[in-house]
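Have a look at the structure below, then the notes.
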Amino acid sequence: MRLQKCSASVHSRTVLFLLAAILLFGLSAVLGQVWAKKDYKEWAPKDCEKVLADSPWAKTMKYYGSGLGTAGTDGGQAFTEYTVQLFSALPIRQAMVQGKLLPDSFLTADYADQVIVRIKYRTTAGQTADLDLGRQWQNQTLGTMQNSTYLIGSKGVKVPLADFKVASGGDRFCQLAFPRSRDGKPVLSVEDKNLILQFNYPVVGGIGDGKGQFEFKVKDMIYSGQIAY
């Protein structure tokens, strides 16, 4: 019996040690990111790219067709890629300004009443598919987007789309606007776990299922002492 108790005790300490190590690793990973280590004016081009594509305020997802599909323009399997950026979040605008994508005036833009989301899209399925994807997005309106596009925040409340704009010509992005509060309450609070964007996207060349969902973890979105979104 003593041996069993000793073994159980060692096992418990091992589990606690592993949990502590995982938590410390996660904390170190967050603190080790460029937005936690350096002022945005010190961000290198690769740092800006990281913030704009893979950060607490930007997520990128690739959608592939079923089966092997067709070869893409990059030599691999064709895919359609979406990058969702919380444009009203200061780190995103800082990365764009530092990367010379926007003028400095965007750093002081007022988004107190709205959450602005920018969606960038592209496909590697060839020029015809690219033109089709651009055409389908540019034919979208606020009316066609409203029934399938939501920002889901505090307690799972769905915040409806308030405005929609899409770039014309060869530019491949659109911009969504949502109210920052619902029924007098903010979309997010520090007690919330995540912020989710749901929208439908055009299916071109049989790639994807047309259902987009992007999740942002609130605990990682803290910037300069508050939730940046």
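Coordinate-derived values only; no laboratory data. Only a predicted model underlies this, so the values are computations on that prediction, with no experimental measurement involved. Virtual Cβ from ideal backbone geometry, glycine too; neighbours counted across all protein chains shown.
Using a basic spin-label model with each label point 7 Å from the Cα along Cα→Cβ, how many nm lie between Asp171 and Asp39?
3.1 nm
How big is the gap, in Å, between the Cα center of the range 165-214 and the Cα center of the range 102-160?
The two parts, judged by their Cα centres, are 5 Å apart.
Suppose the chain between Glu81 and Asn147 were pulled fully straight at 0.36 nm per residue; how much longer would it get relative to their current alpha carbon spacing?
Stretched fully, the Glu81-Asn147 segment lengthens by 21.5 nm.
Shape verdict for the range 39-154, please, from the Cα gyration tensor: rounded (a/c under 1.5), prolate (a/b greater than b/c) or oblate.
Since a/c reaches 1.5 but b/c is at least a/b, the shape of the range 39-154 is classed as oblate.
Report the label-to-label distance for Val203 and Gln138 in nanometres (one decimal), using points 7 Å from each Cα along the Cα→Cβ vector.
About 2.4 nm, to one decimal.
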